[in-house]
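Here is the structure we will look at, set down as structure tokens.
The values are calculated or read from the model by the stated rules, or taken from the named source; none is laboratory data. Quantities reported herein were computed from a predicted structural model and do not represent experimental measurements. Ideal geometry is used to build each Cβ from the backbone, glycine not excepted, and the neighbour counts take in all protein chains shown.
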Amino acid sequence: MESDAAVNEDFVALDLDAELSHGDQPWHNLIIEGDNYDALRALRMSHKGAIRCIYIDPPYNTGNRDFVYNDRFVDKTHRFRHSLWLEFMYRRLILAKELLADDGVIFVSIDDNELFRLGMLMDRVFGDGRHVATCVWQKRYSRENREAIGDAHEYLLVYSLNVDRFKQTRNTLPIGEKQLKLYKNPDNDPRGDWQSVSMLAQGYRPNQMYEIVAPNGKRHTPPEGNCWKVTESAYLRALAEGTIWFGAHGDGVPRRKMFKAKADGLVPWTWWPHEEVGHTDEARKEIQQIFGTQSAFDTPKPVRLIERVLRIAMNGGDTALDFFAGSGTLAQAVAKLNQEDGGQRRFILVSSTEATVDAPDKNLCRDVCAERVRRVLGGYRNAKGEDVPGLGGGFAYLKSRRIPVHRLGQKLDHAEVWTALQLVHQQALTPWPGGG
């Protein structure tokens with residue numbers, strides 16, 4: 001509490017609402033209604049260093065009523081639009097950093113409006129050398145003809161507290177049908193299908209510069225600016241093992257045979273095409289299938305995109321956090337992966353009500369985020385009238401509220417203490433068993 005009071009002169013309590021929670025208790029997953037800054041402060045006391053993966057899709061600050069500051073929209077004409085957005089993001093990223101595990105990772109979706117400013121902010125928050133990658137997501141599959149140059153992609157900035165450890169613990173991606181078709185067996189190798197990969201590497205290393213003689217007698221040396229990937233002794237071992245391919249006529253540039261039976265997945269790279277991770281139209285249709293309308297969000301993210309993030313970053317018992325939860329896509333992705341492999345991944349979603357002066361009764365967290373997750377986990381009837389079975393699981397619905405530090409003794413009730421104790425000890429949540 002003392003460290004939290006140093007951030008703000010109040011304390012953030014979390015009220016458990018059993019009626020808005022879903023599934024059988026105890027609940028392992030959390031949906032928190034409230035300002036995400038407050039929620040992050042509360043989570044800092046219970047989940048510091050415990051989150052393996054954070055994914056957020058913050059407001060892009062386009063000036064088109066997507067960014068609310070002090071309960072009012074910030075439009076393109078606001079002279080401090082970028083400064084307000086950066087301050088807003090900085091305060092939250094500082095807290096989010098404390099929640100990450102040492103080998104944890106954060107993915108932040110963004111577009112051109114704030115990409116470069118966000119990159120500098122992330123460098124400042126996470127430190128030099130913590131940038132893992134900037135991934136490019138192809139969000140559109142058809143051309144945009146209204147612009148000077150059509151906008152077809154967005155970005156995901158990826159940072160880790162320890163890039164070397166993350167590199168060791170991150171997962172490879174499943175080999176898809178497109179990649180599997182590359183494996184063939186033109187020489188009837190008894191070890192099965194294989195594909196060949198180049199033996200050339202950029203650069204110059206003296207011990208990797210040597211002549212290779214093909215079966216037909218043709219001699220090969222690396223072209224200028226290149227060397228072989230391996231030393232001559234390693235090449236001779238591979239040749240003896242029958243894993244060097246010189247082409248069907250035995251005169252080609254040598255390539256290394258990689259067997260499908262030994263393929264253990266694909267190393268992630270920065271190009272994420274829509275065929276692999278979905279596009280915005282797919283995301284809108286997903287919302288429409290669940291709610292019968294897609295008007296709640298103009299730019300939702302497809303489940304497959306978030307699945308890609310989680311496949312890279314998470315294992316079976318890890319926790320993922322999204323503190324700009326929107327329609328709750330991350331929870332659906334977590335549940336799908338758990339159903340797929342029997343894992344016990346957990347999610348924490350944070351969403352505000354997004355109520356404003358003009359719409360004081362709006363409650364996005366309750367009516368969209370939690371409702372989507374409730375339907376996805378428990379089952380629902382889609383827009384076609386078909387019954388869609390639930391993915392299983394449940395969540396506790398929590399509401400954040402600020403209590404002045406000097407009033408804690410009078411304002412903090414038994415139920416909130418009970419919830420806080422369970423969270424601090426990383427236990428699944430149950431309602432306060434007492435009567436008052």
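The residue that is nearest to V376 (Cα to Cα), counting only those in the stretch 278-293 that are in contact (Cβ under 8 Å) with a residue 24 or more places away in the chain and of a type in the set (S, T, N, Q), is Q289. Considering every residue within the stretch 254-269, establish whether at least one is out of contact with any strand residue (DSSP E or B) (no Cβ under 6 Å at 6 or more places or on another chain), surrounded by fewer than 15 Cβ atoms within 10 Å (Cβ to Cβ) and among the aromatic types (F, W, Y). Yes, the conditions are met somewhere in the stretch 254-269.
Being basic (K, R) and either in contact (Cβ under 8 Å) with a residue 12 or more places away in the chain or surrounded by 14 or more Cβ atoms within 10 Å (Cβ to Cβ) (or both) is the filter here; which residues of the stretch 385-436 pass it? Matches in the stretch 385-436: K399, R401, R402, K411. If only one of L84, L121 is assigned by TED's automatic domain parsing to the domain that holds T356, surrounded by 15 or more Cβ atoms within 10 Å (Cβ to Cβ), modelled with pLDDT under 95 and in a helix (DSSP H, G or I), which one is it? None of the other options fit; the residue is L84. Inspect the stretch 158-168 for any residue being modelled with pLDDT of 95 or more and in contact with a Cys (Cβ under 8 Å, 6 or more places away or on another chain) and give the result as yes or no. Scanning the stretch 158-168 turns up at least one residue that is modelled with pLDDT of 95 or more and in contact with a Cys (Cβ under 8 Å, 6 or more places away or on another chain).
This table checks each residue for (1) of a type in the set (K, R); (2) within 24 Å of V277 (Cβ to Cβ); (3) within 24 Å of the chain's Cα centre (by Cα).
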site: R345; (1), (2), (3): yes, yes, yes
site: S351; (1), (2), (3): no, yes, yes
site: E354; (1), (2), (3): no, no, yes
site: E416; (1), (2), (3): no, no, no
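Quick check on the stretch 368-381. Is at least one of its residues loosely packed, with under 14 Cβ neighbours inside 10 Å and more than 22 Å from L43 (Cα to Cα)? Within the stretch 368-381, one or more residues are loosely packed, with under 14 Cβ neighbours inside 10 Å and more than 22 Å from L43 (Cα to Cα). Checking H220, H274 one by one, the residue that is in the same structural domain as D57 (by TED's automatic domain parsing) and more than 21 Å from V334 (Cβ to Cβ) is H274 and no other. From the list V388, V405, V417, the one residue that fits, being assigned by TED's automatic domain parsing to the domain that holds I51, among the β-branched types (V, I, T) and either under 26 Å from D318 (Cβ atoms) or modelled with pLDDT of 90 or more (or both), is V388.
Within the stretch 110-135, residues that are under 18 Å from K97 (Cα atoms) and of a type in the set (D, E) sit with their Cβ atoms under 9 Å from residues that are modelled with pLDDT of 95 or more and part of a strand (DSSP E or B), at 6+ positions apart or across chains, in these pairs: D123/H131; D123/Y159. Among the residues of the stretch 290-309, those identified as in a helix (DSSP H, G or I) and at pLDDT below 95 are I290, F291.
Annotation note: of I287, I312, the sole residue that is in the same structural domain as L364 (by TED's automatic domain parsing), out of contact with any helix residue (DSSP H, G or I) (no Cβ under 7 Å at 6 or more places or on another chain) and at pLDDT below 95 is I287. Looking for whichever is assigned by TED's automatic domain parsing to the domain that holds K285 and at positive phi here; the options are G127, G150. Which one fits? After ruling out the rest, the residue left standing is G127.
Tell me whether the stretch 244-267 contains one or more residues that are within 13 Å of the chain's Cα centre (by Cα), more than 24 Å from A383 (Cβ to Cβ) and not aliphatic (A, V, I, L, M). So far as the stretch 244-267 goes, no, none of its residues is within 13 Å of the chain's Cα centre (by Cα), more than 24 Å from A383 (Cβ to Cβ) and not aliphatic (A, V, I, L, M). Can we say A96 is among the hydrophobic types (A, V, I, L, M, F, W, C), within 22 Å of C53 (Cβ to Cβ), assigned by TED's automatic domain parsing to the domain that holds L84 and part of a helix (DSSP H, G or I)? Spelling it out, A96 is indeed among the hydrophobic types (A, V, I, L, M, F, W, C), within 22 Å of C53 (Cβ to Cβ), assigned by TED's automatic domain parsing to the domain that holds L84 and part of a helix (DSSP H, G or I). The single condition among (1) closer than 22 Å to R402 by Cβ; (2) crowded, with 22+ Cβ neighbours inside 10 Å that G34 does not meet is (2).
Residue-by-condition table, conditions (1) closer than 20 Å to D187 by Cα; (2) in contact with a strand residue (DSSP E or B) (Cβ under 7 Å, 6 or more places away or on another chain); (3) free of Cβ contacts under 8 Å to residues at least 40 places away in the same chain:
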site	(1), (2), (3)
E211	no, yes, yes
N216	yes, no, yes
H220	no, yes, yes
N226	no, yes, yes
T231	no, no, yes
A234	no, no, yes
L239	yes, no, yes
T243	yes, yes, yes
